[in-house]
1. Name every residue in region 266-290 that is farther than 20 Å from residue 333 by Cα and either without any contact (Cβ under 8 Å) to a residue 24 or more places away in the chain or not in a loop (DSSP other than H, G, I, E, B) (or both), in order of residue number.
2. Pick from region 421-433 the residues that are aliphatic (A, V, I, L, M) and open to solvent by 60 Å² or more (accessible area, probe 1.4 Å): which of them is nearest to residue 390 (Cα to Cα)?
3. Only residues in region 92-103 that are assigned by TED's automatic domain parsing to the domain that holds residue 58 and among the small types (Gly, Ala, Ser) count as the first member; pair them with residues that are modelled with pLDDT of 85 or more and buried (at least 17 other Cβ atoms within 10 Å of the Cβ), Cβ under 6 angstrom, at least 6 apart or cross-chain, and list the lot.
4. Using beta carbons and a limit of 9 Å, which pairs, at least six apart or on different chains, have the first residue in region 245-261 and farther than 16 Å from residue 391 by Cα and of a type in the set (D, E, K, R) and the second one part of a loop (DSSP other than H, G, I, E, B) and open to solvent by 30 Å² or more (accessible area, probe 1.4 Å)?
5. Could you list, in sequence order, the residues of region 195-231 that are outside any helix (DSSP H, G or I), under 26 Å from residue 263 (Cβ atoms) and touching a residue at least 60 places away in the same chain (Cβ under 8 Å)?
6. Quick check on my filter: what residues within region 273-291 are surrounded by 15 or more Cβ atoms within 10 Å (Cβ to Cβ) and modelled with pLDDT under 90?
7. Does residue 264 count as modelled with pLDDT of 90 or more and either assigned by TED's automatic domain parsing to the domain that holds residue 351 or charged (D, E, K, R) (or both)?
8. Those residues that are in a strand (DSSP E or B), over 14 Å from residue 318 (Cβ atoms) and hydroxyl-bearing (Ser, Thr, Tyr), I need them from region 33-91; list them, please.
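The values are calculated or read from the model by the stated rules, or taken from the named source; none is laboratory data. Quick caveat: nothing in here was measured; it's all calculated off a predicted structure. A quick note on method: Cβ atoms are made from the backbone with ideal geometry, for glycine too, and the neighbour counts reach across all protein chains shown. Note: areas computed on protein heavy atoms with side chains; ligands, DNA, RNA excluded. Shrake-Rupley method; radii C 1.70, N 1.55, O 1.52, S 1.80 Å.
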Amino acid sequence: MAIDLKAVEQLATDQSSLKAAAGLAKPAKWSGTGISHDGALIWGECAGSGANPYRVMADLRDLGNKCTCPSRKFPCKHVLGLLWLKAEAIIPFPAADTPDWVSDWLGRRRTGAGAPKAAATTAPAAPKDLRAALAEEAEAPEDPKAAARREAAAAKRSEDTERAIVDALDALEQWIGDQLRMGLAGFIDDATARCRKIAARLVDGKAATLAGRIDELPARLLALPTGDRPRGATVELGKLVLLARAFRAAPRDADIRRAVATSESRDAVLGNPEAPRVSARWEVLAEQVQTRRDGLVSQTTWLLNLDAEGPRFAMLLDYFPASAGRRGSVFTPGEQFAGELAFYPGQRPLRAVLVNRSPAAQDGAPAGWPAAKAPLSDELTTPFLVEPWAIDLPILLPAGRIALDPEDRPWWRAGSGDAVLPVTGAIDGLLRGTNLERAAAIWSGNRLTILAAQTRWGRVSADG
């Protein structure tokens, strides 16, 4: 079953999708490509913004398709890129048994679902074949007037977006004031419905990231002991106010914009000369997978730089639809590897994308964790002075142990006895009651979530 570039062009929703697909039609972007024995189905995995690639599949019989990326374009650029690879035979598609994730999708879709209708196609016809048209456009001298109009239109869109976000933030602050006036007890009891309503308003106002954060706020409150929820709600609402006012003061600040509106794409980070790049040995501390209320699954991989003089962390964050099912990780907790990471620029770079990786050279025992360079009290507070609206902060704890109080609640106590911090979740196995030489954790401002620890018996993961 053949496909050509003309069919790919007609399937695209707009010209920008075609250009993005052209950038993805490169062998280095793809892995695991294949075709069913009857030649009807093709699939592949495309590198995305997170640690795990997007799974892309298409049915050549009717051009039905599916991708695990969160794009709202159908088809997305990854599907178009996969079809482009097949149309131009850029990489081989070896015949193979259909993967389970492709078979699951094929079983869910109805015959003909997602098939393009020629009459409904709105993509503009190219004067020549698609490849030649794009090449001609790239080589043609830019019209100064057209460039000026394009820049003016982009500036207008940016201004309209900022105005929409500010209006949404005004509504958010009014909503927070209403919750405080009506009482925190009522807010906690009805947090899910109330947060859903204001989150929808923020989505309309182009503050999508902040909307997702508020959507998850009830879950964070319910994870706290009942007596701690009023304080937790006060802190959460206070952070939202700080973030809203920070955006008004500096709407172009990269950190603030990511926390409110949206983050740069993987390609944008890799192409940004200001994005810090770090080549080092890294240890995979843990992976956290969470299903969100918006239907996406967040997959967070925490890494520790083993070559830095003090604790330096990296966070690889990936999203995919919950309907795609559980995805396997490309990392193993405790694994050490050599690799280069490109960090999203900011005052305290943390989120990153993986540029390349290779097995770490093992000259004996695995590399140890770096020593702390500041007192624990500073590690717990200083980063929040830079980003007071932050939710989570990775830290390395000094020697200590975890024990249960009379109500069976876990607490971490420093070996020196000068610090005692509450711990979330159930603590079982070696972590409970064992002397921990070091521990990596996430600090939320009032609770620790243990990721991994080093003991006299070796490394211990939080999941046992």
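1. 266, 267, 268, 269, 270, 271, 273, 277, 278
2. Looking at residues that are aliphatic (A, V, I, L, M) and open to solvent by 60 Å² or more (accessible area, probe 1.4 Å), I get 426.
3. Correct list of pairs: 95/35; 96/34.
4. Here the result reads 253/346; 253/347, each pair linking region 245-261 to a residue that is part of a loop (DSSP other than H, G, I, E, B) and open to solvent by 30 Å² or more (accessible area, probe 1.4 Å).
5. 216, 223
6. 288
7. On the way: modelled with pLDDT of 90 or more: no; either assigned by TED's automatic domain parsing to the domain that holds residue 351 or charged (D, E, K, R) (or both): yes.
Criteria not met by residue 264.
8. 33
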